[in-house]
Amino acid sequence: MPALVLEPTPEVLARAVAAWRAGEPVAFPTETVYGLGADATKPDAVRKIFIAKGRPADHPLIVHVAPGDDLARWAAALPDTARRLIDAFWPGPLTLILPRSAAIPDAVTGGQPTVGLRCPAHPVAQSLLRMFGGAIAAPSANRFGRISPTQAAHVFEELGERIPLIVDGGAATIGIESTIVDLSGERPVLLRPGQITVESLSRVLQQPIQPVTGRDSTVRAAGMLDKHYAPQTPLRALPGAALQAAVEQAVRNRQHVAAIAWSAPIVTPPGLPLFKLPPSPDGVARGLYDALRQADRASVAVIFIEQPADGPDWAGIRDRVRKAVA
Ligand code: TXA
Ligand code: MG
């Protein structure tokens, strides 16, 4: 039976929570991307997430909590840095890596001694988490290595044959995954850029935040694999000024291509898909994954995408475009 895709009525929320209590996975909306959630304290329930996604078992999952939840249930220690970031940015698109408590099983963390905690801002996610009263482990609700879903229909495309229920909370308002900061070591380390920038984190912590080097990192983070968030069609990033010429060259070569742009004033000939996103970092983040998904479906030979600008506000977008191109 394919998944049911249901609006978040009280009955549907109750049904989703009942499924979680019964150890079943349910997809639900967050403000970043849709998650595939299961009871974080039940290893068998968590394993169903890995099976549905086809994700290697050593890739740790983010654990979602309701606003005001007692974090001592899930984290063995809450350093002052965590308190400050939580006060400033929760609920919201920020995941904190902290030492895990005994309630968080190896199945969630891939055996690591840490846990990623996030309190989402989406009202439907918050209602579900409050009703459930516990912690929900949830990676993005896509098959392993594919583009994260920002709409219920995307989740259905990815996992519709593999899970029972998708709660439809509309299109994600942020559109790229949360910023991840590791607070389990001596100094805060950025594991994944996102809408909350390193600059704003540093300002709150009043100290610089190191980007992860990879070399000395013992952390296995799925978002750090080179090929990730990727469409199946070859994708090429080009400076805005070079996009138009690249499209025209492809057309001369009788190649069917698609283009994704935001600040470049590009036009494509009739029949070639063009996705124009709003030219702000927030606007691009919101539309990026849907555009990649639609372009991927358009059976073109190549997708051209505008190279994101330099500058701190574009770091999350640069990271996702780089990974999608890799
Ligand atoms: O916005 C988001 O973060 C979304 C929504 C659903 O909350 N979730 C998400 O999950 O993007 P996922 O599994 O697709 O990416 C989680 C990232 C992975 O790169 C994972 O390795 C890393 O977080 N992560 C989770 N726990 C970790 C830990 N204990 N140490 C290091 N990295 C961790
Ligand atoms: Mg993911």
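Please check which bits of the range 6-36 a label hung off ARG130 would reach, taking the label as a point 7 Å along Cα-to-C-beta and the cut-off as backbone N under 14 Å. What the label zone holds, given the 14 Å backbone N cut-off, is 10, 13-14. Quick check: from the Cα gyration tensor, does the range 36-187 come out rounded (a/c under 1.5), prolate or oblate? The shape class here is prolate. Within the shell defined by Cβ-Cβ distances under 12 Å, the residues around LEU292 carry a net charge of +3, with Lys and Arg each +1 and Asp and Glu each -1. Which chymotrypsin sites (Phe, Trp or Tyr not before Pro) does the range 37-122 hold that lie in a coil by DSSP with at most 11 other beta carbons within 10 Å? For chymotrypsin sites (Phe, Trp or Tyr not before Pro) across the range 37-122 that sit outside H, G, I, E and B with at most 11 neighbouring Cβ atoms in 10 Å, the list is empty.
In this structure, the amide hydrogen of THR114, modeled 1.01 Å from its nitrogen in the peptide plane, lies closer than 5 angstrom to those of ARG100, counting only residues at least 5 positions away or on a different chain. Relative contact order of the range 117-173: 26 percent, from C-alpha pairs under 8 Å at least 6 residues apart in sequence. Seen against the Cα atoms of the chain and their longest principal axis, helix 240-252 is set at about 60 degrees. Amide H contacts for ALA40 (H built 1.01 Å from N in the peptide plane; partners 5 or more residues away or on another chain; cut-off under 5 Å): ALA135, ILE136, ALA137. With 10 Å bins beginning at zero, the pair-distance distribution over Cα atoms of the range 1-61 amounts to 21, 53, 25, 2 %.
Considering Cα pairs under 8 angstrom that are at least six residues apart, work out the relative contact order of the chain and quote it in whole percent. Intermediate values should be presented prior to the final figure.
Working: 710 pairs, mean separation 65.1, N = 326.
So the answer I get is 20 percent.
Seen against the Cα atoms of the chain and their longest principal axis, helix 80-89 is set at about 50 degrees.
So what is the 222 nm mean residue ellipticity for the chain from helices alone, if each DSSP H run of at least 4 adds -39500 (n - 2.57) and you divide by all residues, rounding to the nearest 500 deg cm²/dmol? Before the final figure, lay out each step's value.
Working: 10 runs with 104 residues, N = 326.
When only DSSP H runs of four or more count, the value is -9500 deg cm²/dmol.
Across all directions, the average projected area of the convex hull around the alpha carbons of the chain is 16.3 nm².
Among residues other than ARG203 with Cβ under 15 Å from its Cβ, the summed charge is -2 (Lys and Arg +1, Asp and Glu -1). Counting charges near THR150 (Lys, Arg +1; Asp, Glu -1) among other residues having Cβ under 9 Å from its Cβ returns a value of +1. Name the shape class, rounded, prolate or oblate, that the alpha-carbon gyration tensor gives for the range 226-286, where a ≥ b ≥ c are the square roots of its eigenvalues, rounded holds for a/c under 1.5, and otherwise prolate holds if a/b is larger than b/c and oblate otherwise. Oblate is the answer for the range 226-286, as a/c is 1.5 or above yet b/c matches or exceeds a/b.
Under 8 Å for C-alpha pairs, at least 6 residues apart: give me the relative contact order for the range 42-178, rounded to a whole percent.
On the way: 205 pairs, mean separation 40.7, N = 137.
RCO, the range 42-178: 30 percent.
Against the longest principal axis of the chain, how steep is helix 10-21, in degrees 0 to 90 to the nearest 10, with axes from Cα atoms? Approximately 70 degrees, to the nearest ten. Residues whose amide H comes within less than 5 Å of that of GLY35, counting only those at least five positions distant or on another chain, are PHE28, THR30, ALA141 (H built at 1.01 Å from N in the peptide plane). Here the simple spin-label model places points 7 Å from the Cα toward Cβ, and for GLN210 and ASP313 these points are separated by 3.0 nm.
Values quoted throughout were computed directly from the atomic coordinates according to the rules given, and no laboratory measurement underlies them. It should be emphasised that the depicted structure is a prediction, and the values quoted were computed from it without experimental measurement. FYI the Cβ positions are ideal-geometry reconstructions off the backbone, even for glycines, and counts take in every protein chain you see.
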